[in-house]
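> Sharing a structure below in C-alpha cells format, with a few things to ask.
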Amino acid sequence: MTLLVVIIILALIFDYINGFHDAANSIATVVSTKVLTPFQAVIWAAVFNFVAYFIFQDHAVANTIGKTVQQNFITLPVILAGLIAAITWNLITWWYGIPSSSSHTLIGGLMGAGITHAYLTKGATPIGDILVLENIIGVVIFIFLSPLIGMVISMFITLVTMNQNTWLRIGIILLATAGTFFLFNYFEQNKIAKNVEKFYKIDKYEKEVAKNPGDEEARKKLEKAKAAFDKVKPLFASYDKVGAKKIAAQINELGLLKSIGASKCKDAVSKYLGIDSLKRRAALDSTFKPEYEEANAAFEKVKDLTAGYASVGPAVADTIASALQLTPAQTIKFRKAISKVNAEKDLTKEIEKADNSIIMWCMIGVIAIFILSYIWVEKIKNPNAYKIANMFKRLQLLTSAAFSVGHGGNDAQKVMGVIGAAFVAYNSNKYPDVGSALKDLGWVPLACYTAIGLGTMSGGWKIVKTMGTKITKVTPLEGVAAETAGALTLFMTEQLGKPVSTTHTITGAIIGVGATKRLSAVRWGVTVNLLWAWILTIPVSALLAALVYYIVSLFGG
C-alpha cells in the first residue's frame, strides 16, 4: 500500500512538471505576439487545462497509456521506475530549454522498466509478450504524424485566412467545418462501437482464445458476444437523434443484456462475500482457507439465481439473500449492494462516454465568431491593417484557449492511465483493467486535471523562448493558425485514443505557418535539433528507467 501511495504522489508530481514543462506549448504564440503578458497567459492556459476535465469523459488516451506494458509485467516497481525516469528526463530537457515530449518520456520509461523486469524475472522473453506492440507502434507512428498533421492544417488555415476575398474565405471555412463535423461524427460512432464491444467483453474473450485456442468455453462466449454486438450495432447510427438511454432500452428490449446483467450480478455477490480477498489471504495464510471455502460454497449455492437478469431489483436480491440465510440487517446491506446491478444503465453510460457533441458545438461557436469577426471588420467597418491585427489578437485568445483544452485533455489522461495501471497492478481482482479502475476512482481525473493546471500556472519560461521566437517569428494571424491547427490535431487524436505529444503538435503547426511565408522563415537548424530530441526521448527514457528498475530490484523491488 505504501508503494502505491508513493506512485500516486510521483504521478501527480509528474503531471505538475508536465504542466510547467509544456506550458510553452499553450502560451508561446500568445506571448510572442504580445496578446497576453506571460503571467496572464499561464493563468489563461491553466484555467482551460482544467476545463478539459468537463469535456473529455471517455479517457481513451488513459487506457492506451495504461496498456503500454502487458498486464503480467506491469508491477508497482515497474511503474515507479518508469515515473522516476520520466520525471528525470522532463527536468533535464526543461533545464536546457528543449521542448521534448512528456508523453513519450512516460511511455519510454514504462517500456524500459517493463522490459528490464521481464528479463530479470523471466529471462529472455519475446518483446511482444512484454509490450502491447499495437499501442507502441501507434505512438511511434504519431511521433511523425502529429507534427505533420499540425503543419498541414496550419498551412491550410494560414493560406485561407490570407485570401483577400472575404466571402470566398468564409465559404472555404464553412466547407472545412462541414468536413470536420462528419469526421468527428465518424469518431463518435467508432468510439461507441469500441465501448460497446468492451461492454460485451469481446476484447477479453479474444485474448483468452488467442492465448489458448483450445478453450472452447471462451470461444463460445466470444461467438455469443459477437453475435449480440452484431445485432445492436445498427442502432448506434441513431445516437444523435434518440440518445444513449433510448438505444440501451432498445437493446434491453431485444433481450441482449441478460447475460451481461447475470455476469454483473455474479460479480456483485462475489464481491459482497469477499471471495477474491479471502482467496488471496488463503494463498498466503492457510488459516483463512476454511473461511474462503465456506464463502465459495455459499457463492456456488446462489450462482444460478443470478442468471438472466439484466437488472437486479429488490425481489431478486431478497431471493438470493434468503438462499444465503442472511439476517435482516445483512439483507438490507446486501440488497443495497446488489441492487446497483443494472446492465441497461451501465450500457447507457458506456455509450454516452463516446459523445463528442460538446467539442463540436464549441468548434462551431469558435467558427461562428471567426466568420462574424471577418464580416464586421472587413465588410461593416472600414478595414485597415491596425483593425485586422487587433481582430486576430482577440481571436488568438479563443484559439489559445482551445489548444489549452486539448493539451489538458491529452496530457492529464496520460497520468490517469499510469495511476489506473498502478491500481490494476495492486489489485487486479478488483480492477481487471485501467478503465474499471478509473470508473471506480472518480478522484483520479479530478486530481490529474488539477495538477496539470497548477503546473501550467508555474510556467516554462525556458521553453517559451524556443517555441515562441527561435523556430520562426509569429504574427497574431499566424498564432491563430498555429493554435487552431494544434487544437484540431489534439482533439482528433484524443478521439482516436492516441497519446500524441502536444509539443510535437504545436511545433509542427508553428513550422507550418512559417513555411507558408517562405521556407527560409523557418530556422531549420533549431528544428533539426528539436527533431533529434524527439527521436532520443523514448530510448533515453527507456534506458533511464531500466537503470532505475535495476537499482530498485537490488533493494528487493
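> Taking the options 321, 329, name whichever one is crowded, with 18+ Cβ neighbours inside 10 Å, free of Cβ contacts under 8 Å to residues at least 40 places away in the same chain, among the hydrophobic types (A, V, I, L, M, F, W, C) and outside the structural domain of residue 428 (by TED's automatic domain parsing).
Just one listed residue meets the conditions, 321.
> Going by the structure shown, is residue 326 in a loop (DSSP other than H, G, I, E, B) and either over 37 Å from the mean Cα position of the chain (by Cα) or of a type outside the set (Lys, Arg) (or both)?
Yes, satisfied.
> Between 375, 369, which is under 22 Å from residue 184 (Cβ atoms) and in a helix (DSSP H, G or I)?
Checking each option against the conditions leaves just 369.
> Any idea which residue in the stretch 337-362 is farthest from residue 317 (Cα to Cα), counting only those that are among the polar types (S, T, N, Q) and assigned to a helix (DSSP H, G or I)?
Among them, the one singled out is 357.
> Among the residues of the stretch 282-291, are any assigned by TED's automatic domain parsing to the domain that holds residue 335 and assigned to a loop (DSSP other than H, G, I, E, B)?
yes
> Please give the number of the condition residue 15 fails out of (1) closer than 21 Å to residue 444 by Cα; (2) charged (D, E, K, R); (3) not in a helix (DSSP H, G or I).
(3)
> Please indicate, with yes or no, whether at least one residue in the stretch 435-455 is under 24 Å from residue 409 (Cβ atoms), assigned to a loop (DSSP other than H, G, I, E, B) and at pLDDT 80 or above.
yes
> Could I ask something else about it? Looking only at the stretch 426-460, which residues are aromatic (Phe, Trp, Tyr) and crowded, with 18+ Cβ neighbours inside 10 Å?
431, 449
> Just one of 270, 311 is surrounded by 14 or more Cβ atoms within 10 Å (Cβ to Cβ), touching a strand residue (DSSP E or B) at 6+ places or on another chain (Cβ under 7 Å) and either on the phi > 0 side of the Ramachandran plot or not assigned by TED's automatic domain parsing to the domain that holds residue 487 (or both); which is it?
311
> Do we have any residue at all in the stretch 342-356 that's at pLDDT below 90 and of a type in the set (Ser, Thr, Tyr)?
Within the stretch 342-356, none of the residues are at pLDDT below 90 and of a type in the set (Ser, Thr, Tyr).
> Another one. Going residue by residue through the stretch 208-216, is there one that turns out to be among the hydrophobic types (A, V, I, L, M, F, W, C) and at pLDDT below 90?
Yes; the residues of the stretch 208-216 include at least one that is among the hydrophobic types (A, V, I, L, M, F, W, C) and at pLDDT below 90.
The values are calculated or read from the model by the stated rules, or taken from the named source; none is laboratory data. Note that the structure is predicted; figures quoted are calculated from it, not measured. Every residue, glycine among them, receives a Cβ derived from its backbone with ideal geometry; neighbour counts consider all protein chains shown.
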